[in-house]
Amino acid sequence: MSEVKLAAVSRTEFGKGAARRIRRDNNVPVVLYGHGTQPQHLTLPGHELLLALRTPNVLISLDIDGKTSELAIPKSVQRDPLKGFLEHVDLLLVKRGEKVNVEVPVHAEGELAPGGNLLEHVLNALPVEAEATHIPESLSVSVEGLEAGASIHAKDIKLPKGVTLAVDEDAVVLQVLAAQAEEAPEGEEAVEGEAEEVAEA
């Protein structure tokens, strides 16, 4: 996984007005918490943080006021619903070697069996437990040739060494649905069958 270094500045101003001023300066208000410590209120550079958050579960190395260094992963990200800029971010304090529970995106690879079937992502991300500095960016699973009715469960997804499931192994992650267009002829056949029964009667 990638590690991104960011310079953080402690902040003493709080409230909506202070947050607006921080964002006006192209920075983002951040809260760092975890390990039973008092939450630290920080400011991070907006553009660099935005780029870092493009990687799910990115490991962020914080240089706080040039005095202390901490490791953290994103826990909660609030964006402006219209413009998409970062409004506020919560970071979880982690240590090297520590196990954490995170959700890792699942990517399907390959083509389904012919017939216009649809692939449904029941879980877009798989809950796992991993060492904080070795969280996988994503998990890949092959759906090559799968037909309608097929399912892929959590236990079917190969996990990197040191990563374990944090969800029921029988939880459905992906399933293949029959193309909706195929349902119409079945309905028509049923209607035709009823008509024949009426005619016979």
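The values are calculated or read from the model by the stated rules, or taken from the named source; none is laboratory data. Being a predicted model, the structure only gives us computed values, none of them experimental. Ideal geometry is used to build each Cβ from the backbone, glycine not excepted, and the neighbour counts take in all protein chains shown. The accessibility values were calculated without ligands, DNA or RNA, using every heavy atom of the protein model including side chains. Shrake-Rupley method; radii C 1.70, N 1.55, O 1.52, S 1.80 Å.
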- prompt: Tell me, which strands (runs of 3 or more DSSP E) wholly within the stretch 1-51 include 1 or more residues that are over 25 Å from the mean Cα position of the chain (by Cα)?
  reply: 3-10, 37-45
- prompt: Looking at 146, 159, which one is of a type outside the set (Phe, Trp, Tyr) and over 19 Å from residue 55 (Cβ atoms)?
  reply: 146
field: Which listed residue is farther than 21 Å from residue 180 by Cα, open to solvent by 50 Å² or more (accessible area, probe 1.4 Å), acidic (Asp, Glu) and free of Cβ contacts under 8 Å to residues at least 60 places away in the same chain, from 120, 129, 137
entry: 129
query: Taking the stretch 43-67, which residues are within 18 Å of residue 93 (Cβ to Cβ) and surrounded by 17 or more Cβ atoms within 10 Å (Cβ to Cβ)?
result: 43, 44, 49, 52, 53, 57, 58, 59, 60, 62
query: Quick one: what pairs do we get from the stretch 149-162, first residue touching a residue at least 12 places away in the same chain (Cβ under 8 Å) and β-branched (Val, Ile, Thr), second crowded, with 16+ Cβ neighbours inside 10 Å and part of a loop (DSSP other than H, G, I, E, B), C-beta under 9 Å, 6+ apart or different chains?
result: 152/143; 152/146
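To keep it simple, each residue is scored yes or no on (1) closer than 16 Å to residue 58 by Cα; (2) open to solvent by less than 50 Å² (accessible area, probe 1.4 Å); (3) of a type outside the set (S, T, N, Q).
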position	(1), (2), (3)
6	yes, yes, yes
11	no, yes, yes
18	no, yes, yes
28	no, yes, yes
35	no, no, yes
38	no, no, no
41	no, no, yes
